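Written out below as structure tokens is the structure these notes cover.
The values are calculated or read from the model by the stated rules, or taken from the named source; none is laboratory data. Just so we're clear, the structure is a prediction, and the values are computed from it rather than from any experiment. Positions of Cβ are backbone-derived with ideal geometry, glycine not excepted, and every protein chain shown enters the neighbour counts.
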Amino acid sequence: MVKYRTKEEVHNRAKEAVGLTIKELNGGYSLKDTKNSVGDAFENWFDVQKNSDRRPDLVDAGVELKATPIHKIKSGEYRSKERLVLNIINYEEMLIETFETSNFLKKNKAIQLGFYEYEKGKPKDEWSLVETVLFELLKNPIDLEIIRNDWETIHSYIEEGKAHELSESHTTYLSACTKGKSASSMRKQPNSDVLAKQRALSFKTGYMSSLLKDYVLGDKKVESIIKDKFELQDNSLEKTIENAFKPFIGWTIDELSEHFGIEKKDKSLNYRIAMGILNLNGKNEKTNSFPKVDEFEKACIQLKTVKFDKNNINRESMSFPSFSFEDIVNETWFDDEGMPSANWHVFLLEAKFLLFVVKNNGVNDVFKGIKFFSIPEDDIEGPIYEVWKDTVNKIKNGVELTGTYTKNGNLRIKNNFIKKSDQMICHIRPHVPKSDYREKGSYADRLPAPAKWKNKPNSPEFSGSWMTKQSFWINNDYIKKQVQDLL
């Protein structure tokens with residue numbers, strides 16, 4: 001077995017693997033059909049056997065080896081496909097650690113990351129290693145401070161006997177993700193008789209995407225809220241952001257627009273105002289729900305405007321991008337190892353919403369403040385899971401579509417997805433400009449099983465295997481409960 005004594009030797013060996021298929025990394029042998037098979041192949045390249053050693057994989061060099069998947073999204077950009085799981089949390093041991101003496105830091109302060117491209121429909125053996133980088137946490141002082149705060153947050157839950165209340169959304173970059181879904185994966189915790197879920201420390205998906213852009217693609221085009229690590233020594237990232245917004249509470253949207261030089265007709269007015277408040281230039285390209293902000297991308301923070309009328313009614317539910325019918329039916333809520341797996345599941349566990357609250361006072365729209373909110377795991381694993389499961393089953397078995405006509409003679413197509421009136425925290429409906437049931441229609445998506453039509457219109461505009469793209473929506477009344485104190 002070759003000994004790797006320095007980080008440079010490890011990195012040089014890793015570089016030799018770039019461009020190779022995963023099968024070639026594995027010595028020419030086909031991969032086992034397991035979740036960690038690519039990671040095992042990457043370790044095999046260094047003659048490291050699968051182990052559960054508390055020390056880094058390459059002890060002499062002090063380097064941990066991790067392979068992580070990336071994939072190409074619709075825009076053509078590459079993103080990390082999943083979180084990076086680091087090590088299982090031992091509640092008893094972590095209790096007596098400090099961040100500096102922690103097993104986490106000892107094992108992961110230097111990680112040789114192997115980025116491989118996930119290619120749907122292609123055998124794992126034929127996937128290839130795209131790039132590899134040596135990530136050294138101690139050389140990233142701002143990230144280190146945030147990750148230290150995250151570790152200490154997790155530690156405080158254990159110290160207080162509340163490990164059973166831990167959630168990924170409690171932290172920013174480093175999370176405590178569930179690992180195991182059965183009773184056998186429950187663990188004892190100190191200072192409490194309540195069993196806690198087995199969890200592992202992991203870097204969130206957004207954080208992994210940022211590493212991909214910083215170290216591999218070299219296309220970092222983001223602004224940063226935190227300019228200096230010392231800003232984080234007294235305040236958390238959340239507190240820093242809250243302090244920035246506080247002086248503007250009570251200002252009208254017109255006043256804020258004028259103050260930051262933003263056109264009032266701008267469709268992204270409230271987002272631009274938020275950028276101005278956070279001392280960003282307001283000129284970044286708008287992507288998804290918020291322009292590119294370093295800490296927001298890394299921490300999976302989603303800025304959402306919640307607008308109330310003078311009677312404290314928020315009419316709009318919270319929308320999210322449409323999902324693929326064919327993709328969602330091939331997902332599982334948890335994978336075989338008990339890790340959250342479905343896209344909607346992982347997103348909600350990792351996401352933290354920054355709610356920008358506006359209320360009309362009868363004359364003007366007034367900024368009422370912000371609220372950080374993460375959906376509790378009990379809600380995610382309860383009603384929200386039920387909606388997801390119901391949606392998947394209906395798509396698999398054939399969505400029921402019914403043609404009806406209004407009193408005015410206008411055609412409406414109803415479906416049997418869960419609706420807001422079912423009061424399940426979230427519901428399913430379109431988030432596109434118009435309905436579309438045409439084959440390969442601009443706003444339609446292919447169904448994996450034919451729809452079950454009733455009163456199907458006799459027109460080629462209505463296919464049996466295509467329907468309007470659908471999205472998950474968080475109910476407006478659920479959102480209102482989270483910001484009630486700001487009204």
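Of the residues GLY39, GLY27, GLY19, which single one is over 29 Å from GLY180 (Cα atoms) and without any contact (Cβ under 8 Å) to a residue 40 or more places away in the chain?
GLY27
Of ILE418, ILE395, which residue is within 30 Å of THR305 (Cβ to Cβ) and among the aliphatic types (A, V, I, L, M)?
ILE418
For segment 163-201, which residues satisfy the criterion of being in a loop (DSSP other than H, G, I, E, B) and either among the β-branched types (Val, Ile, Thr) or within 24 Å of the chain's Cα centre (by Cα) (or both)?
Selection gives LEU166, SER167, THR171, THR172, TYR173, LYS179, GLY180, LYS181, SER182, VAL194, GLN198.
Where in segment 1-101 are the strands (runs of 3 or more DSSP E), entirely inside, with at least 2 residues that are of a type in the set (A, V, I, L, M)?
64-72, 84-88
Based on this model, can you work out whether ILE154 counts as more than 30 Å from TYR29 (Cβ to Cβ), modelled with pLDDT under 95 and touching a helix residue (DSSP H, G or I) at 6+ places or on another chain (Cβ under 8 Å)?
It is false that ILE154 is more than 30 Å from TYR29 (Cβ to Cβ), modelled with pLDDT under 95 and touching a helix residue (DSSP H, G or I) at 6+ places or on another chain (Cβ under 8 Å).
When you scan segment 342-361, do you find a residue that is surrounded by 20 or more Cβ atoms within 10 Å (Cβ to Cβ), touching a residue at least 24 places away in the same chain (Cβ under 8 Å), in contact with a Gly (Cβ under 9 Å, 6 or more places away or on another chain) and acidic (Asp, Glu), even just one?
Yes: one or more hits.
Among the residues of segment 25-33, are any of a type in the set (S, T, N, Q), surrounded by fewer than 12 Cβ atoms within 10 Å (Cβ to Cβ) and not assigned by TED's automatic domain parsing to the domain that holds PHE347?
no
Give TRP473, TRP453 a once-over and let me know the one that is among the aromatic types (Phe, Trp, Tyr), farther than 30 Å from ASN360 by Cα and part of a strand (DSSP E or B).
TRP453
Just to verify a result, which residue in segment 110-147, among those that are under 23 Å from SER169 (Cα atoms) and touching a helix residue (DSSP H, G or I) at 6+ places or on another chain (Cβ under 9 Å), is surrounded by the most Cβ atoms within 10 Å (Cβ to Cβ)?
ASP143
What is the residue count in segment 396-450 for residues that are small (Gly, Ala, Ser), under 22 Å from ASP327 (Cβ atoms) and not in a strand (DSSP E or B)?
Selection size over segment 396-450: 5.
Which residues, counting only those in segment 383-428, are within 22 Å of SER341 (Cβ to Cβ) and free of Cβ contacts under 8 Å to residues at least 12 places away in the same chain?
ASN393
Considering LYS265, LYS227, LYS220, LYS292, which residue is modelled with pLDDT of 55 or more, among the basic types (Lys, Arg) and surrounded by fewer than 14 Cβ atoms within 10 Å (Cβ to Cβ)?
LYS265
Return the only residue of LEU95, LEU84, LEU105, LEU138 being at pLDDT below 95 and at negative phi.
Matching residue, one of LEU95, LEU84, LEU105, LEU138: LEU138.
Look through segment 41-68, keep the residues that are buried (at least 19 other Cβ atoms within 10 Å of the Cβ) and of a type in the set (Asp, Glu), and return whichever of them is nearest to the chain's Cα centre (by Cα).
Out of the qualifying residues, it is GLU64.
So which of LYS419, LYS414 is in contact with a His (Cβ under 6 Å, 6 or more places away or on another chain), more than 26 Å from ASN36 (Cα to Cα) and surrounded by fewer than 18 Cβ atoms within 10 Å (Cβ to Cβ)?
LYS419
Working only within segment 343-371, note down all residues that are part of a helix (DSSP H, G or I) and among the acidic types (Asp, Glu).
Scanning segment 343-371 gives a single hit, GLU350.
Filter segment 304-341 down to the residues that are surrounded by fewer than 18 Cβ atoms within 10 Å (Cβ to Cβ), more than 20 Å from the chain's Cα centre (by Cα) and part of a strand (DSSP E or B) and list them by number.
LYS307, the sole residue that qualifies.
Please go through (1) part of a loop (DSSP other than H, G, I, E, B); (2) buried (at least 16 other Cβ atoms within 10 Å of the Cβ); (3) over 26 Å from the mean Cα position of the chain (by Cα) for MET467 and return the number of the only condition it doesn't satisfy.
So MET467 meets the others, but not (1).
Among the residues of segment 383-403, write down those that are charged (D, E, K, R), within 16 Å of TRP466 (Cβ to Cβ) and surrounded by 16 or more Cβ atoms within 10 Å (Cβ to Cβ).
The one that is charged (D, E, K, R), within 16 Å of TRP466 (Cβ to Cβ) and surrounded by 16 or more Cβ atoms within 10 Å (Cβ to Cβ): LYS394.
Considering only residues of segment 368-392 that are more than 16 Å from the chain's Cα centre (by Cα) and small (Gly, Ala, Ser), which is nearest to ASN243 (Cα to Cα)?
GLY369
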